[in-house]
1. Roughly what would the spin-label model give for Val29 and Leu13, points 7 Å off Cα along C-beta, in nm?
2. Give me the percent relative contact order of the chain, please, defined on Cα pairs under 8 angstrom at least 6 residues apart.
3. Could you compute the longest span of the chain free of trypsin sites (Lys or Arg not before Pro) located in DSSP loops and having at most 11 other Cβ atoms within 10 Å, not counting the site residues?
4. Taking 35 Å as R0, compute the FRET efficiency from the Cβ-Cβ separation of Val66 and Ser103 and round it to 0.05.
5. With angles folded into 0 to 90 degrees, how steeply does helix 3-34 sit against the dominant principal axis of the chain? Use alpha carbons for both and round to 10.
6. Probe 1.4 Å, all protein chains in place: accessible area of Ile85 in Å², nearest 10?
7. Give a quick list of GluC sites (Glu not before Pro) in the range 20-72 that DSSP marks as loop, anything other than H, G, I, E or B, with at most 10 other Cβ atoms within 10 Å.
8. What does the C-alpha gyration tensor say about the overall shape of the range 3-83? Classify as rounded when a/c is under 1.5, otherwise prolate if a/b is larger than b/c, or oblate.
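The values are calculated or read from the model by the stated rules, or taken from the named source; none is laboratory data. As the structure is a prediction and not an experimental result, all values here were calculated from the model. Here the Cβ is made from the backbone with ideal geometry for all residues, glycine too, and neighbour counts use every protein chain on show. Just the protein is used for accessible areas: all its heavy atoms, side chains included, with ligands, DNA and RNA removed. Shrake-Rupley method; radii C 1.70, N 1.55, O 1.52, S 1.80 Å.
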Amino acid sequence: ITPGELLCLGSSLAFSGLFYYLYRRKSRVVACIQEAPKLQVDDNLPALVSAAEGRCLPYVALEGIVLPAQAALTSHYHEGLQGVIQKLQLKEHRLIWNSLARSW
């Protein structure tokens, strides 16, 4: 066995171990999401959230009626299909200067 073959075998095993570790970690998250409780959007929801630990529910599926802020979007392709746009907000917790890439 040549040193090049040993190097290829070792790197292959290392990458396989890394990808298996990442797969297992993400599969646990998917299992938590699939087992998430289904809650209705009603008057009891704020009380339920405030009673939870840290006032946060980690994974839940909310079911209920969504009302648009202005007008609902209608589909051009399917008759009678309407939707709304969810507003997303991204909050970056800290900025670190990367001198190599010269960016924050």
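1. It works out to 2.9 nm between the two label points.
2. Value for the chain: 15 percent.
3. The longest uninterrupted stretch comes out as 1-86.
4. Result of the calculation: an efficiency of 0.40.
5. Around 20 degrees separate the two axes.
6. Here the residue's solvent-accessible area equals roughly 140 Å².
7. Filter output for the range 20-72: Glu35.
8. Taking the square roots of the gyration eigenvalues as a ≥ b ≥ c, the range 3-83 is oblate.
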